[in-house]
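Notes follow the structure.
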């Protein structure tokens, strides 16, 4: 069943002015409960504008957004509840940290939900552990942490609200390779533990290739494609033409295919490529 759905969703910036621009153009999508979705697109493709409609930060110029079957704008008074149910982590969320301690910063969202102190403490400590923050860090100022640790604190603050849908806009942006891998690993573990719907927005296919159930690709405010990960990567050349960079390993296998070495499957992670090559070698007696 769809947890999120849009019908002819359209959003226009500065309508009626010389700067008018349609950022999201008649988009129809359905995202099912429990899915891990990758949202991709080049700068200006409309992906960030799209996700801000899912929790009511932006109101459609036309069209509708449904959360668990209900139009989120049917009753304006319920928009606050929608924002608790659909948690949105902006790009570089560490710049929004403001509390005295890590504990208080993570607790800010749950506290605004009206939860009691015991429940807040439970959520904060469990979420901190899940995202790799130690108990000792909870009493420290978040401003004394490393950049990657601050990012985890900011993400934990949204996770602690236990939203039905968690959306992260470029969660690995600006981090070194080790920090990027760590953040993505914690997000994957969060999704596996909770089973909640999770959307990761990225311009990098490598960031989401290994664990997204489906990938939504935006281009010029419209849906370029929205399909299973392997089917999206089957269109790697088309995706490259709209300004997105496919993983290096996919490029290698595309070159092999053009040279007549077609292994018959779409390859988008190094691990999968390794296993595929070993299977082929074994089948031909090349490895024992």
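Structure above, values below:
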item: Failed item in (1) in a loop (DSSP other than H, G, I, E, B); (2) more than 30 Å from residue 13 (Cα to Cα); (3) out of contact with any helix residue (DSSP H, G or I) (no Cβ under 7 Å at 6 or more places or on another chain); (4) in contact (Cβ under 8 Å) with a residue 60 or more places away in the chain, with residue 271 passing the rest; result: (1)
item: Residue in the range 97-115 that is in the same structural domain as residue 186 (by TED's automatic domain parsing), closer than 16 Å to residue 165 by Cβ and under 22 Å from the mean Cα position of the chain (by Cα) present; result: yes
item: Selection status of residue 79, touching a helix residue (DSSP H, G or I) at 6+ places or on another chain (Cβ under 6 Å) and farther than 20 Å from residue 171 by Cβ; result: no
item: One residue from 200, 215, 242 being closer than 30 Å to residue 55 by Cβ, touching a residue at least 24 places away in the same chain (Cβ under 8 Å) and surrounded by fewer than 19 Cβ atoms within 10 Å (Cβ to Cβ); result: 242
item: Those residues of the range 93-112 which are within 23 Å of residue 198 (Cβ to Cβ) and surrounded by fewer than 16 Cβ atoms within 10 Å (Cβ to Cβ), in sequence order; result: 95, 96, 112
item: Failed condition for residue 53, given (1) modelled with pLDDT under 95; (2) farther than 16 Å from residue 224 by Cα; result: (1)
item: Selection status of residue 51, part of a strand (DSSP E or B), in the same structural domain as residue 151 (by TED's automatic domain parsing) and in contact (Cβ under 8 Å) with a residue 40 or more places away in the chain; result: no
item: Failed criterion for residue 99 (all others in (1) in contact with a helix residue (DSSP H, G or I) (Cβ under 7 Å, 6 or more places away or on another chain); (2) more than 28 Å from residue 203 (Cα to Cα); (3) not in a loop (DSSP other than H, G, I, E, B) hold); result: (3)
item: Given (1) surrounded by 15 or more Cβ atoms within 10 Å (Cβ to Cβ); (2) within 18 Å of the chain's Cα centre (by Cα), number of the condition residue 228 does not satisfy; result: (1)
item: Qualifying residue in the range 23-30 (condition: surrounded by fewer than 22 Cβ atoms within 10 Å (Cβ to Cβ), in contact (Cβ under 8 Å) with a residue 40 or more places away in the chain, part of a strand (DSSP E or B) and touching a helix residue (DSSP H, G or I) at 6+ places or on another chain (Cβ under 7 Å)); result: yes
item: Counted residues, the range 119-164 - those being out of contact with any strand residue (DSSP E or B) (no Cβ under 6 Å at 6 or more places or on another chain), part of a loop (DSSP other than H, G, I, E, B) and crowded, with 20+ Cβ neighbours inside 10 Å; result: 3
item: Options 282, 231: the member that is in the same structural domain as residue 164 (by TED's automatic domain parsing) and outside any strand (DSSP E or B); result: 231
item: Residues being within 24 Å of the chain's Cα centre (by Cα), exposed (fewer than 14 other Cβ atoms within 10 Å of the Cβ) and outside any helix (DSSP H, G or I) - total across the range 71-90; result: 1
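The values are calculated or read from the model by the stated rules, or taken from the named source; none is laboratory data. Predicted model only: the values in this text are computed from it and were never measured. Virtual Cβ from ideal backbone geometry, glycine too; neighbours counted across all protein chains shown.
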